[in-house]
Amino acid sequence: MHCNHRPVGRRTPVTLALLGLVSAPAALAQQAATPAPVRVVSDTGAAAPGTGASEPKTLRPVQITATAENNDFGANVNSVSRLPSDLRDIPQSVTIINQAVMQSQGATSLASALRNVPGLTIGGAEGGQIGTNINLNGFTARTDLYLDGARDRAQYYRDTFALDSIEVLMGPSSMLFGRGSTGGVINQVTKKPSLKPADEIQVSASTTGLLRSTLDHNQPLSDTSAFRVAAMGQQGDATTRDQTKLQDFGIAPSLRFGIGTPTEITLTGLLQHNHDMPDYGVPPLNGAPVNVNSKTAYGFTDDRTISDIGALGAVIEHRLTAASSIRNQTQYNDVTTDARETAPQSIGTLTGAGGAFVPFSAGTTAAPAAATSALPLGQLWVRQQSHDRVIHDMSLFNLTEFNTRFETGAVKHTFLAGVELGHDTYDNQAYSRTGSCNGSTLSAGYVGCTPLLDPPQTSSPANAPGIAGNDASANATTVAGYFNDILELSPQFKLVGGLRQDRFSASIGNSIPSANSAASLNQVVNFTSVRAGAIWQPTPVQTYYVSYSTSFDPSLEQLVSTTGSAQPLPPATNKAYEGGGKWDLNGGNLSLTAAAFQITQDNARSQNPDGTYTATGTVRVNGARAGVAGHVTSKLQVFGGYTHLDALIVNGVAPGTNGMVPANTPRDSASLWSSYAIAPQWEVGAGATYSSSRFANNTDLVQVGSYTRWDAMVAYHQPRYDIRLNVYNLFDTNYYDALIPSDGGRAVPGLGRSAMVSVAYRF
């Protein structure tokens, strides 16, 4: 199969179907004006954290419809304490991928689960960045990952074995989360203990050769306490590509005390070990990824990314009165990564003096077609560059929040005030390997060369040992205070307003200064973030809103600096306008959303030809999105969305980028997953993921074609066990999954046709 190249403005059947689903939501909402079923918020009917709502200590009568445990794709209540638990009271787009969706699709990594979010793209291993790299709404979100509402910025590959759901809040949100969040934030919600005993073991095997097993054990300890532990182990080839072996294991224990009492304490932990092979994809040639077999990889068989992840969390929640509560959260993360990685840096020929390697276009491999059209691919070679480093990331954050409900005359208030204290440290010891190509010694950091078409699977040359280079170290301190108020003017009208003041202080150092890395830099940023919105709810099942929000990105936000100047660059500042609607249909079992938005980033940073950086650019994204989740009928349920991004580098960024589309930002993207219960025991499912063409760099010189990937599923359910078969990339479409902007723009081919069989047994 080959990539499908279509004009930018053309819609696929998938996108047209999704647009049709939300073409008349208001009319449907009027027909479904009955209130949505009451949801169970906790084990005892206690208030959801952060709401401050008054709830009785005894169980209240509830109507339970479908839940994630019953394979319901419908969204759970929001878990972030800084936000209302009811999604209708959030004047921004929110997508929640719950456990039922992940299980149905066989999504085992955070990256695979997030493919349910159109407008979100994946970046590969890039420079000093390792792990789950994400672009959201046209902007990087690598450091906008959260774990139970606390910052989780370390560089590692994230698994889903300990997750209950994934929440994606769209748009700038510094008032709620501090620095970052230009395109939005991604919050990972871990599994928590409950008073219902449960045990499940799942074993799966993939046609790629990957074997995986997970365990989930929940045990009540008393009437008010419980223990839960999730565990995972996997080994084999992660994808259909060469050089993707992995060996991972992890365990996530948690304890919960005081369930249903005024004071509740939750302790969580995560220990994970990853031994993976990095994938730097294929280099570009003549404006597109080079046309080689999708399995082809240009690293060495002993390349590896070894990560040891440790995380500890503690949350204390105390109900002061029937309408007020206080919450304190402490989160400690410690991640060490030892990486020996090899990337295809350029394409060239062995035509220099003595048959030395000569790259096309000074290493960018974006040579004009005339320069290479006469050369068969079999005569071309790839130069291999080492990307070796040992990274240590540590962060410690503490949040204290006070929630209360009160009235001033006829106006009801839901008020939140909080203080956040945080400290990050970062150390990156770089190494390089230098070898030879065809007997000629290469420049420092280049390991060797290999044929373009059929690179041999060999280990790194013994005569190219790793040599220590620059040691980049950094630390940062965050001090912030914030408040937010939801004013209910009437049952139909609400106003939302919030303010946050951040002080971000960072220092970085380099043991070997260079032209674009100073010996030391210090930066202090004081920034005020705002959030405002208006909500109209004419009926219990309709919500319409408008909102304005801001965020900021310090130049030392990621605790690295390549600005090439003696002073740090000013922070990038972001603002967003959004208007949309949310509708609950089918008795609350089906949710529709739609929104239009604009995000503008000023002081955007980009690299200059001399290796330095400037911060004078403007990037603007005008977009629209729509989503659907839940039951269409008692047997048919769907989960999907569509996003349109009109992204543009407006002015002032590096030469050659003005008027261009930001890298890895498709104009149109969509996903749709559905399942149907054909019998009480049998379930079938199918879905598609679509992306229009994307550019691999900000100069728009390398383009990756559009694609549609289809997946399918069949499952057999029994009270004690489930058997599920997932087939991925059903039609074996050749597509590119992740893009890497460096070296002209590399692209990582996606998963070929494969299948996974899973058996889950409940005790």
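Once you place label points 7 Å from the Cα toward the Cβ at VAL714 and ALA353, how far apart are they in nm?
About 6.6 nm separates the two model spin labels.
Can you work out the PRE-style zone for VAL530? Point 7 Å along Cα to Cβ, and I want the residues of segment 89-126 with backbone N under 18 Å.
91-92
HN-Hα J couplings of segment 229-235 from phi, Karplus 6.51/-1.76/1.60, θ = phi - 60°, integer Hz, Gly and Pro as x?
9, 10, 9, 8, x, 8, 7
How high is the relative contact order of segment 158-276, in percent, counting Cα pairs under 8 Å that sit 6 or more residues apart? Spell out each step's value before the answer.
Values: 270 pairs, mean separation 22.1, N = 119.
Worked out over segment 158-276, it gives 19 percent.
Which distance in nm do the two modelled labels at ALA686 and ASP199 give, with both placed 7 Å along the Cα-to-Cβ direction?
Here the answer is 4.0 nm between the modelled labels.
Residue by residue through segment 285-296, which ³J(HN,Hα) values in whole Hz follow from phi under the Karplus form 6.51 cos²θ - 1.76 cosθ + 1.60 (θ = phi - 60°), with glycine and proline marked x?
In residue order, the calculated couplings are 8, 6, x, 8, x, 4, 7, 10, 4, 5, 7, 5 Hz.
For Kirkwood radius over Cα pairs in Å, one of (i) 31.9; (ii) 29.6; (iii) 26.9 was computed from the structure I shared and the rest are decoys. Which label?
Entry (iii).
Pulled fully out, how much extra length does the chain show between GLN598 and PHE493, if you take 0.36 nm times their separation in residues and subtract their Cα-Cα distance? Walk me through the numbers before you get to the answer.
Numbers: separation 105, 0.36 × 105 = 37.80 nm, distance 2.38 nm.
Here the segment from GLN598 to PHE493 would lengthen by 35.4 nm.
Please report the relative contact order for the chain, taking Cα pairs under 8 Å with a sequence separation of at least 6, and give it as a percent rounded to a whole number.
On the way: 2308 pairs, mean separation 108.6, N = 763.
Over the chain, the number comes to 14 percent.
In the chain, carbon and sulfur make up what percent of the accessible area (probe 1.4 Å)?
Working: 17030 of 28640 Å².
Its accessible area is 59 percent carbon and sulfur atoms.
Using a Förster distance of 25 Å, how high is the FRET efficiency between THR477 and LYS575, based on the Cβ-Cβ distance and rounded to 0.05? Numbers along the way, then the final one.
Values: r = 26 Å, r/R0 = 1.03.
The value I calculate is 0.45.
Using 1/(1 + (r/R0)^6) with R0 = 35 angstrom and r between the beta carbons of ASP334 and LEU221, what's the FRET efficiency to the nearest 0.05?
Working: r = 28 Å, r/R0 = 0.80.
Plugging the Cβ-Cβ distance into 1/(1 + (r/R0)^6) gives 0.80.
Rounded to the nearest 500, what is the 222 nm mean residue ellipticity of the chain from helices alone, with -39500 (n - 2.57) per DSSP H run of 4+ residues and division by all residues? The partial results should precede the final answer.
Numbers: 6 runs with 35 residues, N = 763.
Here the helix-only value at 222 nm equals -1000 deg cm²/dmol.
Express in nm, to one decimal, how much length is gained between THR261 and ASN438 on full extension, taking 0.36 nm for each residue of separation and deducting their alpha carbon distance. Intermediate values should be presented prior to the final figure.
Values: separation 177, 0.36 × 177 = 63.72 nm, distance 7.23 nm.
Going from the current span to full extension adds 56.5 nm.
Give the total of Lys-Lys pairs in the chain with Cα-Cα distances below 19 Å; include a pair only if its members are 8 or more places apart or on different chains.
Close lysine pairs under the 19 Å cut-off: 4.
Once both labels are modelled 7 Å past Cα along the beta-carbon direction, what's the VAL419-ALA322 spacing in nm?
Taking the simple label geometry, VAL419 and ALA322 are separated by 3.0 nm.
When the Cα centres of segment 180-231 and segment 611-638 are compared, how far apart do they sit, in Å?
Centre-to-centre (Cα) distance: 27 Å.
All other residues with a Cβ under 13 Å from the Cβ of SER81 taken together, and with Lys, Arg as +1 and Asp, Glu as -1, what is their net charge?
Working: positive: ARG82, ARG327; negative: ASP148, GLU167, GLU264, GLU317, GLU401, GLU420.
Once all neighbours under 13 Å are counted, the net charge is -4.
What list of whole percents do you get for P(r) of segment 77-178, with Cα-Cα distances grouped in 5 Å bins up to the one holding the largest distance?
Histogram of Cα-Cα distances, whole percents per bin: 2, 11, 24, 25, 23, 12, 3, 1, 0.
Report the full-extension gain for the segment TYR761 to ALA679: residue separation times 0.36 nm, less the Cα-Cα distance, to one decimal in nm. Kindly include the intermediate steps, with their values, before the conclusion.
Numbers: separation 82, 0.36 × 82 = 29.52 nm, distance 2.02 nm.
Working it through step by step, the gained length comes to 27.5 nm.
Just read off the accessible area of PHE402 with the full protein assembly in place, 1.4 Å probe, to the nearest 10 Å².
For PHE402, solvent-accessible area is about 70 Å².
The values are calculated or read from the model by the stated rules, or taken from the named source; none is laboratory data. What you see is a predicted model; the values in this text were computed from it and never measured. As a convention, Cβ positions derive from the backbone with ideal geometry for all residues, glycine included, and neighbour counts pool all protein chains shown. Surface accessibility is based on the protein's heavy atoms, side chains included, excluding ligands, DNA and RNA. Shrake-Rupley method; radii C 1.70, N 1.55, O 1.52, S 1.80 Å.
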